[in-house]
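Here's the structure, in structure tokens; my notes come after.
The values are calculated or read from the model by the stated rules, or taken from the named source; none is laboratory data. Quick caveat, the model's predicted, so the values are computed rather than measured. Here Cβ is always computed from backbone atoms with ideal geometry, including for glycine, and neighbour counts include all displayed protein chains. What goes into the accessible areas is simple: the full protein's heavy atoms, side chains included, and nothing from ligands, DNA or RNA. Shrake-Rupley method; radii C 1.70, N 1.55, O 1.52, S 1.80 Å.
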Amino acid sequence: MDEKTILINGNRLTIQPEETILETARRNGIDIPTLCHLKGAIPTGACRICVVEVEKARALMPACTTPAQPGMVVHTESPEVVNSRRISIELLLSSGNHNCSVRKSDTGSFTSFQLEVQKYDNTDDLCPVWGDCELQDLAYRYQVSGEAFESTKTKYPMETVNPFIVRDFSRCILCGRCVQACNDIQVNNAISFGYRGSEAKIVASGDRALKDSDCVFCGECVQACPVGALVEKECRYAWRPWEARKVKTTCSYCGVGCQLTLHIMDNQVIKVAGTEDVAPNNGSLCVKGRFGYSFIHSPERLTTPLIKENGKFREAGWEEALNLVAKRFAEIRDTHGGDSMGVLTSARVTNEDNYLAQKFARGVLKTNNIDHCARL
Amino acid sequence: MTNTIADIEEADVILITGSNTTENHPVISSFVKRAVTRRGAKLIVVDPRRIKLAEFSEKWLRPNLGTDVAWLNGLMHVIIKEELYDKAFVEKRTEGFDALKAAVEKFTPEHVTEITGIPARDIVEAARIYAGAKAASILYCMGITQHTTGTDNVKSLANLAMLCGNIGIPGGGVNPLRGQNNVQGACDMGGLPNVFSGYQPVNDPGNISKMEKAWGVTGLSDKPGLTVTEMVPMAHKGEFKAMYIIGENPLVSDADLNHAEASFSQLDFLVVQDIFMTETAKTADVVLPSCCFAEKDGTFSNTERRVQRVRKAVEPPGDVWEDWRITAEIASRMGYDMGFENAEAVFAEIAMVTPSYGGITWERIDREGLHWPCPSTDHPGTPILHTETFPIGRGKFFPIAFIPPAEITDDEYPLYMTTGRVLYHYHTGTMTRKTEGLNERSPESFVEISKADAAKYDLKDGDRVKVASRRGEIEVVLSVSDKAVDGTVFIPFHFAEAAANRLTNSALDPVSKIPEFKVCAVKISKAA
Ligand code: SF4
Ligand code: SF4
Ligand code: SF4
Ligand code: FES
């Protein structure tokens with residue numbers, strides 16, 4: 001047998017140094033489901049969704065933490081694997097308020113469960129991330145419901161006291177992705193696992209509210225959370241994935257130039273996510289890029305040209321305003337010369353806008369008095 | 001940046017100075033923190049405030065305000081004296097080493113301590129750490145440039161990097177972090193008084209005739225123009241007649257705001273084009289409403305020279321146009337038809353006349369941006385600059401003398417003040433202050449002071465205080481903080497109603513014409 005290859009589902013694949021089984025598989029387009037795995041973070045092996053059968057191994061192995069060794073023979077969807085995954089998913093579904101209709105509804109138990117969930121969340125809707133949830137996807141893929149195990153009650157109340165993030169402990173599956181996102185990726189070290197066993201909870205230092213902790217509201221944890229336990233406050237229950245249009249663009253705040261995915265409904269930006277897997281930010285954002293989008297739809301936006309008369313602005317049409325500007329600029333250029341005029345362009349507008357601003361100053365006003373405020 | 005953002009994680013040593021990275025470039029700060037916590041890179045922070053990153057650092061050096069040239073020369077003194085520099089690099093790639101050596105000769109650690117207040121031992125240790133790295137990256141921001149000696153500071157950083165061969169290698173470089181999203185692009189596009197796009201000098205006859213031909217115009221001026229910091233005093237004297245301000249709010253961001261206000265009121269005609277009625281727009285004769293980034297197509301160039309797409313996601317409110325379209329419409333009414341159908345056509349012209357953008361098309365950057373220089377459509381872009389040579393052949397060392405800041409403290413104004421940003425706001429706040437959540441986290445301006453200074457002036461956390469300089473005064477809330485060091489206070493500049501720039505000094509760096517925002521002398525007293 002070739003030294004540097006393994007067999008996955010009968011496919012002979014070359015492995016790369018220090019690669020896990022998961023990485024070899026994904027690189028070759030073989031899908032192994034994961035839940036606690038977070039790209040770029042240190043794997044924890046907590047959820048056991050990614051287990052695979054490795055021939056000659058005594059137990060199923062988590063693909064996300066097991067190094068790919070030459071000669072391994074791996075099965076990713078054998079009956080034993082599927083069975084194990086089903087049990088894992090059932091356990092997760094029964095722990096908390098997973099009211100995404102994957103329960104059997106013929107026994108009538110869903111109704112009472114749903115009523116309880118609604119009371120906790122003060123809404124009559126289904127889960128806020130219905131259709132945008134990795135646990136729900138898995139339940140559907142492996143056709144399991146949440147009724148196999150006695151459902152466990154939620155111990156902790158929802159946290160809604162900060163402006164950006166709702167922490168719904170009733171939907172937390174303790175996968176730890178938020179902790180990895182905060183500590184391994186953003187290195188803000190604001191949250192960690194607290195308490196033990198059935199009391200387990202993700203806590204900010206000293207089990208305080210996020211707003212009183214080291215949290216800087218980058219929202220990396222929200223983006224990492226596979227379920228509905230961490231959701232942006234502004235858009236909770238405000239959208240469903242099939243209703244929103246997504247547009248990729250560049251953040252308009254600082255010079256990092258993070259790539260953003262704007263979520264649009266009814267001509268409104270309703271949510272911003274970091275665009276995964278592209279430079280420079282690989283999905284990370286800061287509080288401004290992720291949560292600072294209200295200005296776009298602010299009622300204070302200027303909506304029409306304004307001309308000042310006797311010290312007061314009055315609304316004007318474009319024709320009138322542009323003609324006035326052109327006339328005055330031409331007069332001043334022709335009487336005092338272009339060098340008595342200046343253009344300040346902007347570090348905030350696009351390259352195309354900037355290019356035309358300097359072309360205008362140089363080509364039309366005939367002056368090199370063009371600058372922007374980056375010095376300021 | 002000479003190197004890329006991702007490249008920061010390749011460095012063994014990272015030297016950060018004049019950048020409160022966690023608040024101003026949060027996502028870049030994560031690259032730095034990961035390099036330290038996950039790869040064991042050593043971080044040296046040189047900053048007058050005990051910023052968050054100091055917690056991650058191997059060494060935090062605390063220089064007196066405005067003494068950057070001194071500590072930098074001090075590091076080089078040690079590195080040369082202990083022969084820790086990269087001799088091969090200095091030999092092969094640089095010139096002017098002897099002059100540099102002579103210039104840093106007198107900056108012994110002890111002498112540097114006198115000027116900067118940094119203990120001599122720390123200078124020596126920091127020098128050894130930096131010089132000991134296989135690859136060391138330097139990151140800096142406005143804390144370095146916004147000084148009367150800003151240009152000197154930047155040259156000194158370049159000296160240090162070249163001395164240790166940290167140019168043109170992965171994990172190395174001299175990396176300015178650009179404050180605003182498209183500062184890089186505004187400069188690249190020729191939004192500067194002395195160059196066309198791609199830094200092609202306006203006083204070069206070849207460039208003039210090239211542009212005249214490309215634009216179909218005649219009579220382009222070959223006389224470099226004025227910077228914004230020069231235009232304002234011209235206006236004050238009544239020698240400046242008209243201004244067209246696009247998307248900027250100099251009436252909050254300008255140093256010595258009181259003077260700027262008086263100057264703008266002297267103009268015969270002021271046009272402001274913006275998305276909001278800013279402080280500057282209020283003083284205009286005509287205000288033209290423009291689209292925000294989510295309402296238009298185009299490109300931004302980030303701090304690592306990566307040209308990236310901006311895409312229209314929503315329709316603008318009311319009757320609002322893209323900035324470039326407004327400018328083109330004014331031009332055509334002045335008899336010059338620019339004739340662009342859309343922003344992509346503008347970009348195509350940019351690529352045509354700008355060699356460093358020559359190979360970039362919107363199609364190529366659809367998924368991921370490219371780093372300029374990218375001269376041809378089959379060129380992969382240039383993530384790391386100067387790998388083989390410098391544009392001028394050899395890298396030149398500049399011997400730099402230490403010049404103290406323009407304003408120093410005295411009995412009447414006993415405290416140094418420096419300015420900067422906070423995480424939750426951006427620049428003059430016109431955008432971030434429209435988001436309730438951001439305001440809730442950071443509702444108003446404050447002055448940050450050390451415990452000892454607060455006690456000295458008999459002030460408590462939360463007091464309303466008056467901060468006054470030789471130019472003006474503002475009222476803010478006092479915040480007693482561990483970040484502050486005795487003798488120096490800090491005020492963020494986002495808040496128009498208590499604008500820090502009523503206090504700051506407009507003395508300029510002689511070359512860059514950047515005002516000394518980062519140092520002035522103030523006094524504090526309880527507000528009546
Ligand atoms: S928002 Fe950011 S800092 Fe706060 S807990 Fe989440 S990842 Fe950590
Ligand atoms: S909050 Fe979300 S990401 Fe964090 S442990 Fe719970 S389910 Fe996982
Ligand atoms: S998300 Fe934050 S770090 Fe990224 S570009 Fe926007 S402001 Fe900068
Ligand atoms: S994804 Fe591998 S153990 Fe959770």
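Going through segment A:131-181, which GluC sites (Glu not before Pro) have at most 13 other Cβ atoms within 10 Å and a DSSP loop state? Walk me through the intermediate numbers first.
Numbers: sites: A:Glu134, A:Glu147, A:Glu150, A:Glu159; in loops: A:Glu147, A:Glu150.
Hits after loop and neighbour filter: A:Glu150.
Among A:Leu126, A:Tyr142, A:Tyr156, which residue has its Cα furthest toward the positive end of the charge dipole of segment A:107-186, with +1 on Lys/Arg Cβ and -1 on Asp/Glu Cβ?
Looking along the dipole axis, the top candidate is A:Tyr156.
Below 11 angstrom from the Cβ of B:Ile8, what's the summed charge of the other residues (Lys, Arg +1; Asp, Glu -1)? Before the final figure, lay out the partial values.
Values: positive: B:Lys33, B:Arg34, B:Arg39; negative: B:Asp7, B:Glu9, B:Glu10, B:Glu304.
Local net charge: -1.
Over chain A, what is the relative contact order in whole percent, taking alpha-carbon pairs under 8 Å and six or more residues apart? Walk me through the numbers on the way to the answer.
Working: 617 pairs, mean separation 37.1, N = 376.
RCO, chain A: 10 percent.
About the Cα centre, and with charges only on the beta carbon of Lys, Arg (+1) and Asp, Glu (-1), how big is the dipole of segment B:6-177? Nearest 20 debye, please.
Details: 20 positive and 21 negative charges, 81 e Å.
The calculated dipole for segment B:6-177 is roughly 380 debye.
Can you give the calculated 222 nm mean residue ellipticity of the protein assembly as shown, where each DSSP H run of n ≥ 4 adds -39,500 (n - 2.57) and the sum is split over every residue, rounded to the nearest 500 deg cm²/dmol? Working shown, then result.
Details: 28 runs with 248 residues, N = 904.
Computed ellipticity for the protein assembly as shown at 222 nm equals -7500 deg cm²/dmol.
For B:Tyr457, B:Tyr424, write out the residues from largest to smallest accessible area, computed with a 1.4 angstrom probe and no ligands counted.
Working: B:Tyr457 65, B:Tyr424 25 Å².
From most accessible down to least: B:Tyr457, B:Tyr424.
Suppose every Lys and Arg Cβ carries +1 and every Asp and Glu Cβ carries -1, with no other charges. What dipole size does the protein assembly as shown come out with about its Cα centre, to the nearest 20 debye? Numbers along the way, then the final one.
Numbers: 100 positive and 117 negative charges, 196 e Å.
Using Cβ point charges on Lys, Arg, Asp and Glu, the protein assembly as shown gives about 940 debye.
Could you work out how far the C-alpha centroid of segment A:264-313 sits from that of segment A:167-187, in angstrom?
28 Å
What is the sum of charges, Lys and Arg at +1 and Asp and Glu at -1, for the other residues whose Cβ falls under 11 Å from the Cβ of B:Gly247? Please report the intermediate quantities before stating the final value.
On the way: positive: A:Arg348; negative: A:Asp353, B:Glu248, B:Asp274, B:Asp323.
Combined, the nearby Lys, Arg, Asp and Glu give -3.
With θ taken as phi - 60° and the coefficients 6.51, -1.76 and 1.60, list the Karplus ³J(HN,Hα) couplings across segment B:14-31 in order, rounded to whole Hz; mark glycine and proline as x.
10, 10, 10, 9, x, 9, 8, 4, 5, 9, 9, 9, x, 5, 5, 4, 5, 4
Of A:Trp318, A:Ser252, A:Gln180, whose Cα points farthest to the positive end of the dipole of the protein assembly as shown (charges on the beta-carbon: +1 Lys, Arg; -1 Asp, Glu; origin at the Cα centre)?
Result: A:Gln180.
Quick one: among A:His336, A:His75, A:His98, which has the greatest mean-square fluctuation in a GNM of chain A with alpha-carbon springs under 10 angstrom?
Maximum fluctuation in the GNM of chain A, among the listed residues, is at A:His336.
When chain A is modelled as a GNM with alpha-carbon springs shorter than 10 Å, which of A:Val74, A:Val343, A:Val256 fluctuates the most?
A:Val343
Cα-Cα over 26 Å: which of A:Lys312/B:Lys296; A:Lys271/B:Lys312; B:Lys81/B:Lys134; A:Lys211/B:Lys518?
On the way: A:Lys312/B:Lys296 30 Å; A:Lys271/B:Lys312 15 Å; B:Lys81/B:Lys134 19 Å; A:Lys211/B:Lys518 30 Å.
In this structure, A:Lys312/B:Lys296; A:Lys211/B:Lys518 lie more than 26 Å apart at Cα.
With a ≥ b ≥ c taken as the square roots of the eigenvalues of the C-alpha gyration tensor of segment B:369-429, please select rounded if a/c is under 1.5 and otherwise prolate if a/b is larger than b/c or oblate if it is not? Display every interim value, and only then the final one.
Working: a/c = 5.82, a/b = 1.72, b/c = 3.39.
Oblate is the answer for segment B:369-429, as a/c is 1.5 or above yet b/c matches or exceeds a/b.
How big is the antiparallel share of DSSP beta bridges in the protein assembly as shown, given as a percent to the nearest 5? List each step's numbers first, then the result.
Numbers: 62 of 109 bridges.
Antiparallel: roughly 55 percent of the beta bridges in the protein assembly as shown.
Taking segment B:288-329 as the region of interest, what is the percent of Cα-Cα pairs per 5 angstrom bin, listed from the shortest bin to the one with the maximum distance?
6, 23, 25, 22, 15, 8, 2, 0
Need one number: % antiparallel among DSSP beta bridges in segment B:415-526, to the nearest 5. Please report the intermediate quantities before stating the final value.
Values: 14 of 23 bridges.
The answer is about 60 percent antiparallel.
Count the DSSP beta bridges whose two residues both fall in chain B, then state the antiparallel fraction as a percent rounded to the nearest 5.
Values: 24 of 61 bridges.
In chain B, DSSP labels about 40 percent of beta bridges as antiparallel.
Protein chains only, probe 1.4 Å: how do B:Ser356, B:Ser376 rank by accessible area, largest first?
Correct descending sequence by accessible area is B:Ser376, B:Ser356.
Can you list the residues, at least 5 places off or on another chain, whose amide H is less than 5 Å from the amide H of A:Thr20, using H built in the peptide plane?
Counting only residues 5 or more places away or on other chains, the set is A:Ala68.
Skipping prolines and chain starts, which residues have an amide H placed within reach, meaning under 5 Å, of the one on B:Thr94, given they are 5 or more residues away or on another chain?
B:Gly395
Any idea of the total accessible area buried by the B-A contact, 1.4 Å probe, rounded to 100 Å²? Provide the component values of the computation, followed by the final result.
On the way: alone 23760 and 21400 Å², together 33900 Å².
Looking at B and A, the buried total is near 11300 Å².
Report ³J(HN,Hα) in whole Hz for each residue of segment B:143-158, in order, from the Karplus equation J = 6.51 cos²θ - 1.76 cosθ + 1.60 where θ = phi - 60°; Gly and Pro get x.
x, 9, 8, 7, 9, 4, 9, x, 5, 4, 4, 5, 4, 5, 5, 5
Are there residues in segment B:162-194 whose accessible area shrinks by at least 30 Å² when all protein chains are included rather than the chain by itself, and which are they (probe 1.4 Å, ligands and nucleic acids not counted)?
B:Gln180, B:Asn181, B:Asn182, B:Val183, B:Ala186, B:Met189, B:Gly191, B:Leu192, B:Pro193
Please label the shape of chain B as rounded, prolate or oblate, based on the square roots a ≥ b ≥ c of the eigenvalues of the alpha-carbon gyration tensor (a/c under 1.5 means rounded; beyond that, a/b larger than b/c means prolate, else oblate).
Values: a/c = 1.65, a/b = 1.14, b/c = 1.45.
Oblate, since a/c reaches 1.5 and b/c is not below a/b.
What whole number of Å gives the distance from the Cα centroid of segment A:191-237 to the Cα centroid of segment B:375-417?
Comparing the Cα centres of segment B:375-417 and segment A:191-237, I get a distance of 41 Å.
Could you sort B:Lys312, B:Lys513, A:Lys153, B:Lys213 by their accessible area in this structure, using a 1.4 Å probe and putting the largest first?
B:Lys213, A:Lys153, B:Lys312, B:Lys513
So which trypsin sites (Lys or Arg not before Pro) in segment A:188-273 pass both tests, a DSSP loop state and at most 12 other Cβ atoms within 10 Å of the Cβ? Spell out each step's value before the answer.
Numbers: sites: A:Arg196, A:Lys201, A:Arg208, A:Lys211, A:Lys233, A:Arg236, A:Arg245, A:Lys246, A:Lys248, A:Lys271; in loops: A:Arg196, A:Lys233, A:Arg236.
Sparse-neighbourhood loop trypsin sites (Lys or Arg not before Pro): A:Arg196.
What does the C-alpha gyration tensor say about the overall shape of segment A:139-219? Classify as rounded when a/c is under 1.5, otherwise prolate if a/b is larger than b/c, or oblate.
Prolate.
Give me the percent of the accessible area of the protein assembly as shown that comes from carbon and sulfur atoms, probe 1.4 Å, all protein chains in place.
Numbers: 17020 of 33900 Å².
Reported share for carbon and sulfur atoms: 50 percent.
Please compute the per residue accessible area over the protein assembly as shown with all protein chains in place, 1.4 Å probe, rounded to a whole number of Å². It would help to have the intermediate numbers written out before the result.
Numbers: 33900 Å² over 904 residues.
For the protein assembly as shown, the per-residue accessible area is 37 Å².
Under the rule of at least 5 residues apart or a separate chain, name every residue whose amide H is placed under 5 Å from the amide H of A:Val278.
Amide H neighbours of A:Val278, under 5 Å, 5+ apart: A:Gly283.
For chain A, set up a GNM with springs between Cα atoms under 10 Å and report which of A:Arg141, A:Arg290, A:Arg240 has the largest fluctuation.
A:Arg141
Step through the residues of segment A:186-202 one at a time and calculate ³J(HN,Hα) from phi using the Karplus curve (6.51 cos²θ - 1.76 cosθ + 1.60, θ = phi - 60°), rounding each to whole Hz and writing x for Gly and Pro.
Whole-Hz 3J(HN,Hα) from phi for segment A:186-202: 7, 6, 9, 6, 9, 10, 7, 6, x, 6, 10, x, 6, 8, 3, 7, 7.
Towards the positive end of the charge dipole of segment B:6-177, with charges on Cβ (+1 Lys, Arg; -1 Asp, Glu), say which of B:Val36, B:His147, B:Tyr130 has the farthest Cα.
The one lying farthest along the dipole's positive direction is B:Val36.
Once label points are set 7 Å from the Cα along Cα→Cβ at both B:Trp362 and A:Thr303, what is their separation, rounded to one decimal in nm?
Between B:Trp362 and A:Thr303, the label points sit 2.8 nm apart.
Mind checking the dipole of segment B:372-528: about its Cα centre, +1 per Lys or Arg Cβ, -1 per Asp or Glu Cβ, Debye to the nearest 20?
Numbers: 19 positive and 21 negative charges, 43 e Å.
With Lys and Arg at +1 and Asp and Glu at -1, about 200 debye.
What's the center-to-center distance, using Cα atoms, between segment A:320-376 and segment B:242-317 in Å?
12 Å
What FRET efficiency would be calculated for the residue pair A:Glu159, B:Glu497, taking the C-beta separation as r and a Förster radius of 35 Å, to the nearest 0.05? Don't skip to the answer; put the middle values down first.
On the way: r = 33 Å, r/R0 = 0.93.
Result of the calculation: an efficiency of 0.60.
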